[in-house]
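Read-outs throughout are calculated quantities, based only on the coordinates presented, and are distinct from any laboratory measurement. None of these values were measured; they are calculated from a predicted model. Positions of Cβ are backbone-derived with ideal geometry, glycine not excepted, and every protein chain shown enters the neighbour counts.
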Amino acid sequence: MIVKDSASQLEAKWASLSPGPRGAGQVVLLVLRASPSQLPKGQDKIAQPLHHQPSSIRFTTEDGIEGDRWKEGKDQGAQISLTSLAVTRLVAGGKERWHLLGDNLVVEMDLSAEALPVGTRLSLGSGEIEISDQAHTPCDRYRARLGDAAHDWVADESHESRHLRGRYARILRGGEVSIGDTITVVPS
């Protein structure tokens, strides 16, 4: 079910929320995205993506997240994708739909440029990641799964510094992260 709010209604609801804590946060959901080649024959990769939601994931600097499709064409700056819990709730609705955003981590944390400038290092489980300068923009899959209003709201250029679509990060030190783990900014 696509959320029925308009882009302006989403903006009004966003204005009444906290974007999440700064300096530290929490992992709320983990998502592994299967390769389209792993989908059963005839399954629509847009409408019915094959996403696994494990309780923990492992990641390395060379391979990204074990079991995720990242290696199929992404660059080092997009090894891990993070999205905000506040935005996820607004655009996806119920928790059973949160994986549809297609991000590896749903986090309760402010992902804005002010809170996490490019190059910010984050301790994540037993590993460490760095916020990338690569733009995380919504794609056609985002539009198809969440609707035009959600797509247009997160894509609006006036919201660019808020990073409503989320952030990409590169892996600096491999490790493991679990749901409920704390994410903290590593002091420079």
Worksheet item: From the phi of every residue in region 171-188, what ³J(HN,Hα) in whole Hz does the Karplus formula 6.51 cos²θ - 1.76 cosθ + 1.60 yield, where θ is phi - 60° and glycine or proline is x?
Response: 8, 8, 9, x, x, 9, 9, 10, 4, x, 5, 7, 10, 10, 6, 7, x, 8
Practice prompt. State the percent of C-alpha pairs, over all pairs in region 55-156, separated by a distance greater than 16 angstrom.
Written response: 61
Worksheet item: Which residues make up the longest stretch of the chain that has no trypsin sites (Lys or Arg not before Pro) in a DSSP loop with at most 11 other Cβ atoms within 10 Å?
Response: 42-188
Item to complete: Quick one: P(r) of the chain from all Cα-Cα pairs, 10 Å bins, percents rounded to integers, in order of increasing distance.
Response: 10, 40, 37, 13, 1
Practice prompt. Let me know the number of lysine pairs in the chain closer than 21 Å at the Cα, not counting same-chain pairs under 8 apart.
Written response: 6
Discussion item. Exposed loop sites here are GluC sites (Glu not before Pro) in DSSP loop states with at most 15 other C-beta atoms within 10 Å. What is the longest stretch of the chain lacking them?
Written reply: 115-188
